[in-house]
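Heads up: the structure comes next, in structure tokens.
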């Protein structure tokens, strides 16, 4: 039996149509759409919209609105919501969020790479699709950065390369008209981007507190998977605060079993009230994998979105060092003073240089917390605002020393 390694992948839905061949994804292998099961209901397959009416005979002689009871291990009873009520919940949530979801069509230039060092390159047009969420009535839209930015994914194949986006167009709910979109700002670190179209009177999505998301509660994913506009899929929240890594970046996500496929990127994950709790971003693909998708919690996007609108980028503090993580083996081999982050270099005119950090210093604490690697150091640094101070304990030639750094904006 052949082994297949499971992997996390972004779900941009980049289905390129070029003069060479049709590609099923943009540097990613797209898993066939997986099914989302609902207890007591028939499976909904493909592009099915809504839930069929449930006849009374499904639950015997009782009426549709009757509550069913069953015993649970503790000896108590749990009331189960009727299928009719579940359907009404899904219909309500869909009607609430759909007017705030858009389809995104992105155009690129695809250039063939000459093979074996000869042959003229051929240029053609490539297209991709994704999803977005309207966040203001005057045309601001949030989506994933990887939907509109080729540099955030593998934009080069053996046979052709993809340029930056040459156009981004928005398709509103219930309309075939396409609107030109301007890229207001984008951020690869959080995989978020903000677009703007010249239109008012739009229906902005309502956000809710994603910190209150509960495992097991209703969840609906909304977007344009595989170019199928305004598709909804339902499931539950499978986990919260789930750490996943994709393309070298670690995300803390809401996990769901609502079907998320190529093209869902940038769309909404909503609760039973149709309020946004997350932005669909990742899925797990591989042999035997079903129903494992991930959304960026909406709470973690608010400050990023505000920065992208106001500054066209995310304002972050920086220290200005190049560091190496030290493990016990490295410390022993090079006879270093301690574990921590070894400062390999200090950038000129950086906060680190101004504070007196030097190459060869080992950072062992930051704001009173032990530091074992650059990731831990960056997490503490990113918890600060620009202009705030950060206290480091370093080991310099066997002697501990306190260094106070005033953080500045990343140049």
Could you tell me whether the range 140-294 comes out rounded, prolate or oblate from its Cα gyration tensor? Rule is a ≥ b ≥ c as square roots of the eigenvalues, rounded for a/c under 1.5, then prolate if a/b exceeds b/c, otherwise oblate.
-> oblate
Could the peptides 259-271, 131-143 be put in order, highest first, of the mean number of other beta-carbon atoms found within 10 Å of their residues?
-> 259-271, 131-143
According to a simple spin-label model (label point 7 Å from Cα along Cα-to-Cβ), what is the distance in nm between residue 348 and residue 199?
-> 5.0
If each part is reduced to its alpha-carbon centroid, the range 83-109 and the range 330-377 end up apart, in Å, by 48
Stokes-Einstein diffusion coefficient of the range 317-409, Kirkwood radius over Cα pairs, 10 °C, 1.306 mPa s, in µm²/s | 122
Could you give the nm distance between label points at residue 379 and residue 329, where each point is 7 Å from its Cα heading toward the beta carbon?
-> 2.4
What is the spread of the Cα atoms of the range 210-311 along each of their three principal axes, largest first, in whole Å?
-> 42, 34, 30
Sequence-separation-based contact order of the range 317-409, relative, with Cα cut under 8 Å and 6+ spacing, percent = 31
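Taken together, the values in this text are just the output of simple stated rules run on the coordinates, not laboratory data. These numbers come from a predicted model, not from an experiment. Backbone-built Cβ (ideal geometry, glycine too); neighbour counts: all protein chains shown.
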